[in-house]
Amino acid sequence: MKRIYVNEEYCIGCRLCEIHCAVQHSQSKKIIKAFKEEAPRAMARILVEEEGPLSFAMQCRHCEEAPCIEACIVGAMYRDEDTGAVLCDEDRCVGCWMCVMVCPFGAIQRNVAGSKAASKCDLCYGEEIPACVAHCPNEALTFVEVGSMAGEGR
């Protein structure tokens, strides 16, 4: 399974990953329309945290033993058999927020874009490379097979 890895030494806190994530999950997939015309505005499923000079892009880790899947009372959180990604079926989600409470990384959020569903990184399901990785100017984000940190992510 491929996962997103962050090299905080290269992250400059530009938040382009957040912007391109929101655009990828918007209706139009166009940056101006997504931010100026769409309502509700799609939310980013990645969050840049900063502490002094250190920046770090935070998103779902798609845990092998995912506590969010175990805690989901309706089975909305599940593992995709093809990619291994942990996904949320937003139509099944009832908004109990158990997944939010049990995530050890704080990577699952309440969708504030008009939905009652939980929102989390879906690795830009259906795309070859997640938008955050594809648009990171410093290559602080890479998309590589688990266990091959030296591998090429782009």
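The values are calculated or read from the model by the stated rules, or taken from the named source; none is laboratory data. Nothing here was measured: the structure is a model prediction, and the numbers come from that model. Every residue, glycine as well, gets a Cβ built from its backbone with ideal geometry; the counts of neighbours run over all protein chains shown.
Scanning the stretch 108-139 for residues that are farther than 14 Å from Ala42 by Cβ and part of a strand (DSSP E or B), which turns out modelled with the lowest pLDDT?
Arg110
Between Glu50, Glu18, which is in the same structural domain as His135 (by TED's automatic domain parsing), of a type in the set (Asp, Glu), closer than 13 Å to Cys121 by Cα and not in a loop (DSSP other than H, G, I, E, B)?
Every option except Glu18 fails the conditions.
Would you call Val146 among the β-branched types (Val, Ile, Thr) and at pLDDT 95 or above?
When the stated conditions are applied, Val146 does not pass them.
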